[in-house]
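The values are calculated or read from the model by the stated rules, or taken from the named source; none is laboratory data. Since this is a predicted model, take the numbers as computed values, not measurements. Methodologically, a virtual Cβ is constructed for each residue, glycine included, from the backbone with ideal geometry; neighbour enumeration extends over all protein chains shown. Side chains included, ligands, DNA and RNA excluded: accessible areas come from the protein's heavy atoms. Shrake-Rupley method; radii C 1.70, N 1.55, O 1.52, S 1.80 Å.
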Amino acid sequence: MTKIVNHWIGGKSVEGTSGNFGPVTDPATGAVTTKVAFASVDEVDAAVATAKDAYLTWGRSSLAKRTEILFRFRALLDANRDAIAELITAEHGKVHSDALGEVARGLEIVDLACGINVQLKGELSTQVASQVDVSSIRQPLGVVAGITPFNFPAMVPMWMFPIAIACGNTFVLKPSEKDPSASVKIAELLAEAGLPDGVFNVVHGDKVAVDRLLEHPDVKAVSFVGSTPIARHIHTTASANGKRVQALGGAKNHMLVLPDADLDAAADAAVSAAYGSAGERCMAISAVVAVGAIGDELVAKIRERAEKIKIGPGNDPTSEMGPLITAVHRDKVASYVTGAAAEGAEVVLDGTGYTVEGFEDGHWIGISLLDRVPTTAKAYTDEIFGPVLCVLRVDTYEEGVALINGSPFGNGTAIFTRDGGAARRFQLEIEAGMVGVNVPIPVPVGYHSFGGWKDSLFGDHHIYGNDGTHFYTRGKVVTTRWPDPADAPAGVDLGFPRNH
């Protein structure tokens, strides 16, 4: 019997009424295992109305109550790591260790939310004028929404809602329809932790649900992670409807390798960063820029390591890389490899046509490595979101920096070198929001914010960290004058001596 994933509204599972469903497949087998209900406009409205009602009390609740619930949620999340990871593997396809890793990164943001009282502290200036004090406070916005991608169905929602609800907002999540079960499991754990009904809601769906959230007058802010074209649409539409927006888009992350680098360490890093989670992550290294004469040796070392990666079902403990999310996506990724030679690239490894014995209908693709890739090739200009690594050759550091800065994306980048001065120059000169020095995937820890530059971010705020707290709150300044009690009108006795 096919499993059905329903909405979560008002603290309970709510069956879809639109009559529209989407298929959820097991990427390792290609079989449809689940149907997910797609919300109508009315169903989205019901979720937002529930969240708005819940805000009336949650927005005025004490910080102590909010953080107490989040501490209980953290304990439940920790105890259910494996269960959530199994749901991720079953619907996304990533290997279990990768799935556990994303739950762990989500936990970091829950940790941050548990200590949100530090970030929500206000400021006070006393006696700015005679008997006048000025204070600054931060208050929640109301109902906020999150629209999240398929590649991290647990982690990315946890980049958003823990901080949002810790700040006193209520939340409506629209997760990816390709792997929706993890979000419902998280909702169940929040309810078990004692989160009041309606504070966290999940509506599944497609463009109908997304557009309604962007237009709904009671949704005050929208957070999004996904591709650049959709991020641009989210930002434009939600902003036109008067909402605060943080929309994180696509990426083409470069790794600059200088001639003095430890090439074994660089090759290890390139392989893990390019092919981990089958390349389906916005922080994947998809372009290695080799400086000087090291290119041939570096490519040989990358190839040697890449050929040893064990590809198989995500629930097989021996698998190091799983399938891609859908057959359509697999075919699109393959097209970049099959067309690479005609665009001037050298195909070192061709992963197209790869299958796993016993799982021939799965969404499989092998490791691909392209060398001497021109900057005009589609494999370089497009965000592939699959296990394809491009190697580009340049003669100098300056040429490499210019190449990277010429990309329309500015999400993350890395440099591999033994020279501290070169690394310092790179981190100042490179046009990207996150920089790694001998670190291939520089995803910040929870108390620093995540976000790119250029076409990788639309909006003024990065996600989580201090930026997350500021995004989900608005500032208010209060100027107060109180007369001295000794100056009370005649006949009013406050127990103070008269000054005159």
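Restricting to region 54-65, name every residue that is part of a helix (DSSP H, G or I) and either on the phi > 0 side of the Ramachandran plot or surrounded by 15 or more Cβ atoms within 10 Å (Cβ to Cβ) (or both).
If the condition is that a residue be part of a helix (DSSP H, G or I) and either on the phi > 0 side of the Ramachandran plot or surrounded by 15 or more Cβ atoms within 10 Å (Cβ to Cβ) (or both), then Ala54, Tyr55, Trp58 are the ones that fit.
Pick from region 201-223 the residues that are open to solvent by 10 Å² or more (accessible area, probe 1.4 Å) and of a type outside the set (D, E, K, R): which of them is farthest from Ile165 (Cα to Cα)?
Val208
Answer with yes or no whether Phe161 is closer than 21 Å to Glu108 by Cβ, open to solvent by less than 10 Å² (accessible area, probe 1.4 Å), in contact with a Phe, Trp or Tyr (Cβ under 9 Å, 6 or more places away or on another chain) and without any contact (Cβ under 8 Å) to a residue 60 or more places away in the chain.
yes
I want to confirm something. Restricting to region 382-420 and keeping residues that are outside any strand (DSSP E or B) and within 26 Å of His92 (Cβ to Cβ), which single residue is nearest to the chain's Cα centre (by Cα)?
Of everything passing the filter in region 382-420, Asn411 is nearest to the chain's Cα centre (by Cα).
Restricted to region 403-444, and to residues that are out of contact with any Asp or Glu (no Cβ under 8 Å at 6 or more places or on another chain) and among the charged types (D, E, K, R), which residue is nearest to Met283 (Cα to Cα)?
Checking each candidate, the answer is Glu431.
Given the conditions (1) under 18 Å from Asp179 (Cβ atoms); (2) within 23 Å of the chain's Cα centre (by Cα); (3) surrounded by 15 or more Cβ atoms within 10 Å (Cβ to Cβ), report the number of the one that Asp82 does not fulfil.
With respect to (1) under 18 Å from Asp179 (Cβ atoms); (2) within 23 Å of the chain's Cα centre (by Cα); (3) surrounded by 15 or more Cβ atoms within 10 Å (Cβ to Cβ), Asp82 is out only on (3).
Just the residues that are touching a residue at least 40 places away in the same chain (Cβ under 8 Å) and surrounded by fewer than 23 Cβ atoms within 10 Å (Cβ to Cβ), please, taken from region 91-105.
Result: His96, Arg105.
Can you tell me how many residues within region 452-468 are out of contact with any Ser or Thr (no Cβ under 6 Å at 6 or more places or on another chain), closer than 18 Å to Met155 by Cβ and surrounded by fewer than 22 Cβ atoms within 10 Å (Cβ to Cβ)?
Final tally of qualifying residues: 0.
If I filter region 123-140 for residues that are free of Cβ contacts under 8 Å to residues at least 40 places away in the same chain, in a helix (DSSP H, G or I) and surrounded by fewer than 17 Cβ atoms within 10 Å (Cβ to Cβ), do I get at least one hit?
no
For region 393-414, give me each residue that is touching a helix residue (DSSP H, G or I) at 6+ places or on another chain (Cβ under 7 Å) and under 16 Å from Gly292 (Cα atoms).
Arg393, Val394, Asp395, Tyr397, Val401, listed by residue number.
Looking only at region 229-251, count every residue that is within 24 Å of Glu280 (Cβ to Cβ) and open to solvent by 10 Å² or more (accessible area, probe 1.4 Å) and tell me the total.
Number satisfying all stated conditions: 5.
Could you list, in sequence order, the residues of region 364-381 that are outside any loop (DSSP other than H, G, I, E, B), open to solvent by 10 Å² or more (accessible area, probe 1.4 Å) and not basic (Lys, Arg)?
Tyr380, Thr381
Using the structure shown, decide if Leu389 is under 27 Å from His329 (Cα atoms) and hydrophobic (A, V, I, L, M, F, W, C).
Here the answer is yes, as Leu389 does meet what is asked.
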